[in-house]
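Here's the structure we're looking at; comments come further down.
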Amino acid sequence: MLPLLLFLLAAAAASGPAAAQGLPPLPIGVNYGANADNLPSPAAVATFLATKTTVNRVKLFDANPAFLDAFAANAPAISIAVSIPNSALPAFADRAAGLDAARGWVRDNLAAHVAAGANVTLLLAGNEILGPTVVPDLVVALLPAMRRLHQALQLEGLPQVRVTTPHYLGILAPSDGIPSNARFRPGLDAKVLAPMLRFHNDTGSPLMVNAYPYFSYNAQNLNYAVFRPNVGVGPEEARDFNAGMIRVCSGGKGTPLMPGKTFETYIFSLFDENQKPGPIAERNFGIFNPDFTPKYDLGLLRDGSSASASPNPSPNPSPKPSPNPSPSGGGKWCVAKAGADATTLQNNINYACGFVDCKPIQSGGGCFDPNNVQSHASFVMNTYYQANGRHDSDCDFKGTGMVISKDPSYGGCKYVS
């Protein structure tokens, strides 16, 4: 099965910090653009990401030598994806001279930096060649160029660098919204994408997709778009989306089609870019300010400074608690306090459901009724509490949880202990 790589354009966020989610530290990638006049130096950025965050990969929008040198010197463990402009692809696709052109580009732009310590692992051949704006000559050149670049990397002694190309999500045909029912668009499926998928399979490279939920969500699909499993109001759409995305893509739970998988993912973007053209939203997708303070807490900082407002302030919550703890007669349960704020309880549900099985509170489940946030939160908070070792701190949830000694199970709804 092919690996899937996601480049995610999250909701644009205001400059003020949002409330924390108490996320466990999980690895994630970021897009590092620098179309701004107020950003720190590449060396400072590389050092910050390597020493202060859980970010383990970056996507660059070109082969800027200053950026590559900075990561070689200060962050050699961080994986780097380097982009090639669309305009370069026809030269690489040429049957007679394409391989020489590709080898020349690799020598001129990558080889020395990799030798110096830059951990380049992906080479991105253009960007969104198959749409939304289609240039037929580039479509024809895309796969041959990818093949020449792969050959060039092998011949130049860089076999660890994989070749892919970022697609826009419109390569998928309209569907019912269920991910596993998605199909490639007719016209692209057999003629373009089938041979490209064979290339990915043969070379061990990932299929890469740019997903833009910010531009497609609406009032009807907002909860789905930002990973909220139940009806309710979360504190900040940008944080909710990115937090949910990190949880789903890096947490190891996988998807119904690919359980137990993690996905190589890049958040857009590391910083706001105040000189980027287009709508104002284009300049405000950053997750960090230029002084390296987070715009909102995603649990990416290593030093724990972003965890103070977490719904579960346990200093080291388990990143992968057992999703189905078994009843053991331990005699301690965690439930929501009577009169606790409904929004906070919904946030508790959103957070905990990333780590434990929440099917019992869904329609048809044994704990769906009574269908209210107080009851659902109690069940989920207890399941999370039990999975994390039944420490009192794991039942805090921003002061909305309490530990009890009387079994709260009822009817067909059995609380684990």
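The amide H of G33, built 1.01 Å from its N in the peptide plane, has L270, F271 as neighbours under 5 Å, considering only residues 5 or more places off or on other chains.
Around the amide H of D297, modelled in the peptide plane, lie the amide H atoms of A18, all under 5 Å away and 5 or more residues distant in sequence or on another chain. Computed 3J(HN,Hα) for the stretch 105-115, one whole-Hz value per residue from the Karplus formula 6.51 cos²θ - 1.76 cosθ + 1.60 where θ = phi - 60°, is 5, 5, 4, 6, 10, 10, 3, 5, 5, 5, 4, glycine and proline marked x.
Peptides 47-56, 238-247 ordered by packing proxy, namely the average of other Cβ atoms within 10 Å per residue, highest first: 238-247, 47-56. Find, among the trypsin sites (Lys or Arg not before Pro) in the stretch 332-412, those assigned to loop by DSSP (not H, G, I, E, B) with at most 11 other beta-carbon atoms within 10 angstrom. In loop regions of the stretch 332-412 (DSSP not H, G, I, E or B), the sparsely surrounded trypsin sites (Lys or Arg not before Pro) are K406.
Taking amide H as placed 1.01 Å from N in the peptide plane, the amide H of E264 sits under 5 Å from that of L4, L6, each at least 5 places away or on another chain. Taking the DSSP beta bridges with both ends in the stretch 74-216, the antiparallel portion is around 10 percent. Note on exposure: M208, M402, M258 ranked by accessible area (1.4 Å probe, complete protein assembly) read M402, M258, M208, with the most exposed listed first. Bridging of K337 to lysines at a Cα separation below 25 Å is possible for K359, K398, K406, K414, once same-chain residues fewer than 8 apart are set aside. Residues D369, D202, ordered by accessible area of protein heavy atoms at a 1.4 angstrom probe radius and largest first, appear as D202, D369. Between the stretch 127-167 and the stretch 79-100, the alpha-carbon centres lie 6 Å apart.
FRET efficiency for the pair K414 and D189, taken as 1/(1 + (r/R0)^6) with r the Cβ-Cβ distance and R0 = 41 Å, rounds to 0.35.
Determine the order of S269, S79 by accessible area, beginning with the largest, at a probe radius of 1.4 Å.
On the way: S269 0, S79 25 Å².
Order by accessible area, largest first: S79, S269.
The values are calculated or read from the model by the stated rules, or taken from the named source; none is laboratory data. Remember, it's a predicted structure, so these values are computed and weren't measured experimentally. Note that we place each Cβ from the backbone using ideal geometry, even for glycine, and neighbour counts take in every protein chain shown. Ligands, DNA and RNA are excluded from the accessible area calculation, which covers all protein heavy atoms including side chains. Shrake-Rupley method; radii C 1.70, N 1.55, O 1.52, S 1.80 Å.
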